[in-house]
Amino acid sequence: MTSLLNKCFNIVSIAVIALSVSIGAASATSKNIVETAVQSGKFNTLVAALKAAGLVNTLNGKGPFTVFAPSDTAFSKLPAGTVDGLLMPENKAKLVSILAYHVIPGKVMSGDIAGKKISVKTVQGSEISVDAMYGVKINDSNVVSADIAATNGVIHVIDKVLIPN
């Protein structure tokens, strides 16, 4: 089960990385968080997980949301079978918990936290550690691409799937 969670987290990380690379330094976008992730083509695992968890409508909503999104590459770092297991209907609650752990309410840009070490509460209910003293770390993952704007928030691509305790 842990390996499945790890794989799901990596999928989310990969999706976020791809999204930020695709959008780059665009100053404005007309797409929401989910549309941005889909368009990038690098968050396929994250998008599949969002669909399986029934969270697409939530992240299509008004927001604003800050999403720490693992790219497909991040999800691929999870143990074999982890993602497939998490996508099974009987594991929906665990998948929702993991995905919600990657989201915080509000729109937090990298400049808002530069030079700070803080803990923030996720939509899942647990806190994550944010260390923006030298680069940006979210728990033990690195932000590899930041400030990908969407109409309902922002995406920061991370290199690992985050797993709540």
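For the range 48-67, the set of residues classified as under 21 Å from D147 (Cβ atoms), open to solvent by 20 Å² or more (accessible area, probe 1.4 Å) and not basic (K, R) consists of N60, G61, G63, P64, F65, listed by residue number.
One line per residue, one yes/no per condition, for (1) farther than 16 Å from I33 by Cβ; (2) assigned to a strand (DSSP E or B):
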residue: A74; (1), (2): yes, no
residue: L78; (1), (2): yes, no
residue: G85; (1), (2): yes, no
residue: N91; (1), (2): yes, no
residue: K94; (1), (2): yes, no
residue: V120; (1), (2): yes, yes
residue: M133; (1), (2): yes, no
residue: D147; (1), (2): no, yes
residue: I155; (1), (2): no, yes
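Could you tell me how many of the residues in the range 38-47 are buried (at least 17 other Cβ atoms within 10 Å of the Cβ) and part of a helix (DSSP H, G or I)? Residues that pass the stated criteria total 6. For the range 98-112, give me each residue that is open to solvent by less than 50 Å² (accessible area, probe 1.4 Å) and either at pLDDT below 95 or more than 19 Å from I33 (Cβ to Cβ) (or both). Answer for the range 98-112, where residues must be open to solvent by less than 50 Å² (accessible area, probe 1.4 Å) and either at pLDDT below 95 or more than 19 Å from I33 (Cβ to Cβ) (or both): just S110. If I filter the range 68-81 for residues that are exposed (fewer than 14 other Cβ atoms within 10 Å of the Cβ), among the hydroxyl-bearing types (S, T, Y) and more than 24 Å from N152 (Cα to Cα), do I get at least one hit? No, the range 68-81 has no match at all.
Selection of the range 48-72 for residues being hydroxyl-bearing (S, T, Y) and either under 17 Å from L87 (Cβ atoms) or not in a helix (DSSP H, G or I) (or both) yields T66, S71. Return yes or no: is K94 closer than 16 Å to L46 by Cα and open to solvent by 30 Å² or more (accessible area, probe 1.4 Å)? Yes, satisfied. With the structure loaded, tell me whether S126 is open to solvent by 10 Å² or more (accessible area, probe 1.4 Å) and at pLDDT below 95 or whether it fails that test. Here the answer is no, as S126 does not meet what is asked.
The C-beta contact set for the range 148-165 (first residue closer than 11 Å to T29 by Cα, second residue among the aromatic types (F, W, Y) and surrounded by fewer than 24 Cβ atoms within 10 Å (Cβ to Cβ), distance under 7 angstrom, 6+ apart or interchain) comprises N152/F65; G153/F65. Pairs meeting the criteria (first residue in the range 80-97 and closer than 13 Å to A53 by Cβ, second residue among the basic types (K, R), beta carbons under 6 Å, at least 6 apart or on different chains) are V83/K7.
Which of the residues belonging to the range 129-152 are among the β-branched types (V, I, T) and either within 22 Å of T58 (Cα to Cα) or surrounded by fewer than 18 Cβ atoms within 10 Å (Cβ to Cβ) (or both)? Residues satisfying the conditions are I148, T151.
The values are calculated or read from the model by the stated rules, or taken from the named source; none is laboratory data. Everything quoted here is computed from the prediction, not taken from an experiment. Note that each Cβ is placed from the backbone with ideal geometry, even for glycine, and that neighbours are counted across all protein chains shown. All accessible areas refer to the heavy atoms of the entire protein, side chains included, with ligands and DNA or RNA removed. Shrake-Rupley method; radii C 1.70, N 1.55, O 1.52, S 1.80 Å.
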